[in-house]
Amino acid sequence: MILLYAETECIDMKSNLNADFWNDRYRNGMIGWDLGYPSTPIKEYVDQIQDKEIKILIPGAGNAYEAEYLFEQGFTNVNVLDISEAAITSFKSRVPDFPDDKIIHQDFFEHTGQYDLILEQTFFCALNPELRSAYAYKVYDLLSDGGLLTGVLFNVVFDKPGPPFGGKDESYRAIFCPYFQIEIMAPCYNSIAPRAGAELFIKLRK
């Protein structure tokens with residue numbers, strides 16, 4: 001059963017959450033956050049998008065089921081980014097027809113480009129909380145004018161060291177308000193059952 005996140009050994013938040021750490025997680029199957037299919041809130045959101053040529057980035061994409069779904073629905077400019085080579089390799093083997101030039105093996109904070117939409121799914125919560133302000137600024141920098149950061153954040157404070165690192169509405173607003181107009185930050189009505197009541201849907205406009 002999938003819980004809020006991995007039922008694996010937690011690490012101290014000061015640990016170096018680098019490529020080696022995440023490669024080890026993927027190679028050893030320690031990926032309890034992995035749903036095995038697109039997140040329902042994100043799937044139902046992208047089902048409403050009419051323009052299938054918009055430029056989309058999914059950072060910290062992991063196995064990238066959302067990217068696979070978008071690709072299957074005819075979206076032509078979906079970009080997958082992850083620091084973990086193991087995650088990238090897994091995605092390529094599962095979705096061999098996905099364009100190679102849109103699969104990016106890189107640290108998110110070193111990435112450059114301009115996107116209309118950035119989808120957030122279990123990346124923000126995997127970062128050391130000390131990086132949250134830097135994340136907000138980096139997303140702002142990567143979005144075109146009027147671009148959107150959309151997706152899901154945990155709406156719960158975990159009682160164990162992360163990752164994942166949780167949080168609440170108030171703290172998130174303080175992080176994002178300097179850069180974004182908050183159009184939606186509200187409890188998800190369509191979370192999967194194990195995460196019901198523990199997720200916020202966000203739609204933030206640059």
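The values are calculated or read from the model by the stated rules, or taken from the named source; none is laboratory data. A quick note: this is a predicted structure, and the numbers were derived from the prediction, not measured. We place every Cβ from the backbone using ideal geometry, glycine too, and count neighbours over all the protein chains shown.
Just name the residue that is nearest to the chain's Cα centre (by Cα) out of those in the range 64-97 that are closer than 21 Å to Asp51 by Cβ and acidic (Asp, Glu).
Glu66
What tally of residues in the range 174-197 results from selecting those that are of a type in the set (Val, Ile, Thr) and in a strand (DSSP E or B)?
Residues flagged as of a type in the set (Val, Ile, Thr) and in a strand (DSSP E or B) within the range 174-197 amount to 2.
For the range 102-123, name all the residues that are touching a residue at least 60 places away in the same chain (Cβ under 8 Å) and of a type outside the set (Asp, Glu).
Listed by number, the residues that qualify are Tyr115, Leu117, Ile118, Leu119, Gln121, Thr122, Phe123.
Would you point out which residue out of Val139, Val157 is hydrophobic (A, V, I, L, M, F, W, C), assigned to a helix (DSSP H, G or I) and either modelled with pLDDT under 95 or under 15 Å from Tyr115 (Cβ atoms) (or both)?
Val139
Can you name every residue in the range 57-79 that is within 23 Å of Arg195 (Cβ to Cβ) and either modelled with pLDDT of 95 or more or buried (at least 23 other Cβ atoms within 10 Å of the Cβ) (or both)?
Ile58, Pro59, Ala61, Gly62, Ala64, Glu66, Ala67, Glu68, Tyr69, Leu70
Identify, by number, the condition in (1) out of contact with any Leu (no Cβ under 9 Å at 6 or more places or on another chain); (2) loosely packed, with under 14 Cβ neighbours inside 10 Å that Ile175 doesn't meet.
Going through the list (1) out of contact with any Leu (no Cβ under 9 Å at 6 or more places or on another chain); (2) loosely packed, with under 14 Cβ neighbours inside 10 Å, Ile175 breaks only (2).
Ile118 - would you say it is of a type in the set (A, V, I, L, M, F, W, C), closer than 28 Å to Gly74 by Cα and surrounded by fewer than 20 Cβ atoms within 10 Å (Cβ to Cβ)?
On the way: of a type in the set (A, V, I, L, M, F, W, C): yes; closer than 28 Å to Gly74 by Cα: yes; surrounded by fewer than 20 Cβ atoms within 10 Å (Cβ to Cβ): no.
So Ile118 fails the test.
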